[in-house]
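Worksheet: the structure to be examined is printed underneath.
Since every read-out is calculated from the coordinates, none of them should be taken as a lab result. The structure presented is a predicted model; accordingly, all values stated were derived computationally and were not measured. Neighbour counts are summed over all protein chains in view; Cβ atoms, including those assigned to glycine, are modelled from backbone coordinates with ideal geometry.
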Amino acid sequence: SLINGTETFAAARKGHYAVGAFNTNNLEWTRAILGAAQEKNVPVLIQTSMGAAKYMGGYELCLHLVQDTMKSMNITVPVIMHLDHGNYEAAKECIEVGYNSVMFDGHDLPFDENLEKTKEIVKLAHAKGISVEAEVGSIGGEEDGIIGEGELASVEEAKTLAATGVDYLACGIGNIHGLYPDNWKGLNFDRLQEIAAEVETPLVLHGGSGIPKEQIQKAISLGIAKVNVNTECQVAFAKATRKYIEEGHDQNDEKGFDPRKLLAPGAKAIKDTVESRIEWFGTPSL
Ligand code: G3H
Ligand code: ZN
């Protein structure tokens, strides 16, 4: 059933494990993520970025896609439908549409404005039983061809943002969206530890793709309860699809043009990736 994320992630932080948060892009992605969670018998969070939701046709459609897919697949594990990196307007829209959880990402605003807007979203969301994620510091990533390191979260700001009552808190600790550069310094465990010592809120690790297993597991042991994974599923899908085509299934061959066949290896690769990350995160089966 669809639930909010408050208890699930609080239990994860307490229990020193994480619950996976996977981005969806379409029907195949949705089925793969739900199928993996059901197979492992664990709760899962499915999230749509603003861009992916626009691509798919809007938040309402995304919510119905997840709901109806759960029904048709007889999904019995708890699922949290979440807005990833929403701006103020998107967070409000998803609260109205009935998402279970929203991220208000105000990292590019002056901190006081991030704080004020986070408070407003918390008020609106909690009135409807919807969970909220906020962001402090920033997640690195590519901009104009340069991979930025992101801004390390300040402990004081993390405390202040946590005090708004957000249900989970994303913090910049050297993590980066997308692929990691070869000279990446790794996660900043000292800062994570300092934040975790002051903040009881479950912490979120963005940019989960490409971080070595040992670092992810250490971060979880220190207070990370939600790990976001997107790029890794995209790469797995693309690799498997390319391999299938290169094996000779081109447009002259029914196996190469029937979408049900053409997309199957990629969908299986997403499901395998999600299952493997669920194992890494130590999510206990229900
Ligand atoms: O919000 C989404 C995640 O932070 C995804 O990051 O694409 O590097 O796995 P990733
Ligand atoms: Zn992210």
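Points to keep in mind about this one:
- Reported value for the stretch 178-286: 122 Å³ per residue, from the convex hull of its C-alpha atoms.
- Computed lengthening from residue 194 to residue 231, 0.36 nm per intervening residue step minus Cα-Cα distance: 10.5 nm
- Two-decimal log10 I(q)/I(0) for the stretch 9-111, as the Debye equation yields it once each C-alpha is a single scatterer, q = 0.14 Å⁻¹: -0.54
- Contour minus Cα-Cα distance for residue 27 and residue 221 (0.36 nm per residue): 66.5 nm
- Positive minus negative residues near residue 200 (Lys, Arg vs Asp, Glu; Cβ under 11 Å): +2
- A crude spin-label estimate for the pair residue 250 and residue 142, with each label 7 Å from Cα along the Cβ direction, gives 2.8 nm.
- Antiparallel DSSP beta bridges within the chain, as percent of all bridges there, nearest 5: 10
- Coupling constants for the stretch 80-90 follow from the phi torsions by the Karplus curve (6.51 cos²θ - 1.76 cosθ + 1.60, θ = phi - 60°), and in residue order they are 10, 9, 10, 8, 9, 6, x, 7, 4, 5, 5 Hz; glycine and proline get x.
- A protection proxy built from the mean count of other Cβ atoms within 10 Å ranks the segments 46-55, 96-105, most packed first, as 96-105, 46-55.
- Close amide H partners of residue 2, meaning residues 5 or more places away or on another chain with modelled amide H under 5 Å apart, are 79.
- Net charge of neighbours whose Cβ lies under 13 Å from the Cβ of residue 274, counting Lys and Arg as +1 and Asp and Glu as -1: -1
- Hits among lysines - C-alpha to C-alpha of residue 92 under 18 Å, sequence gap 8 or more where chains match: 54, 117, 119, 123, 128
- Amide H partners (placed H, <5 Å) of residue 177, local residues excluded: 140, 141
- Most fluctuating residue given options 163, 134, 91, as computed from a GNM of the chain linking Cα atoms under 10 Å: 163
- Full-extension gain in nm, residue 111 to residue 257, via 0.36 nm per residue minus C-alpha separation: 47.5 nm
- Of the peptides 237-244, 192-199, the ranking by mean beta-carbon count within 10 Å, highest at the top, reads 192-199, 237-244.
- In nm, spacing of pseudo-spin labels at residue 54 and residue 268 (7 Å Cα→C-beta vector): 3.5
- Counted charge near residue 88, where neighbours are those whose Cβ lies closer than 11 Å (Asp, Glu -1; Lys, Arg +1): -4
- Comparing mean-square fluctuations of 165, 57, 20 from a GNM of the chain with C-alpha springs under 10 Å, the top value falls on 57.
- Long-range amide H partners of residue 106 with built H, under 5 Å: 135
- With N the number of residues in the stretch 6-281, Rg(Cα) / (2.2 N^0.38 Å) evaluates to 0.99.
- Estimated 222 nm signal from helices in the chain, with DSSP H stretches of n ≥ 4 weighted -39500 (n - 2.57), rounded to 500: -15000 deg cm²/dmol
- The stretch 164-178 - phi-based ³J(HN,Hα) in whole Hz, Karplus 6.51/-1.76/1.60, Gly and Pro as x: 6, x, 4, 8, 8, 10, 7, 10, x, 9, x, 7, 9, 6, x
- Whole-Hz ³J(HN,Hα) from phi, Karplus 6.51 cos²θ - 1.76 cosθ + 1.60, for the stretch 121-137, glycine and proline x: 5, 4, 4, 4, 5, 5, 4, 10, x, 9, 7, 10, 10, 10, 10, 10, x
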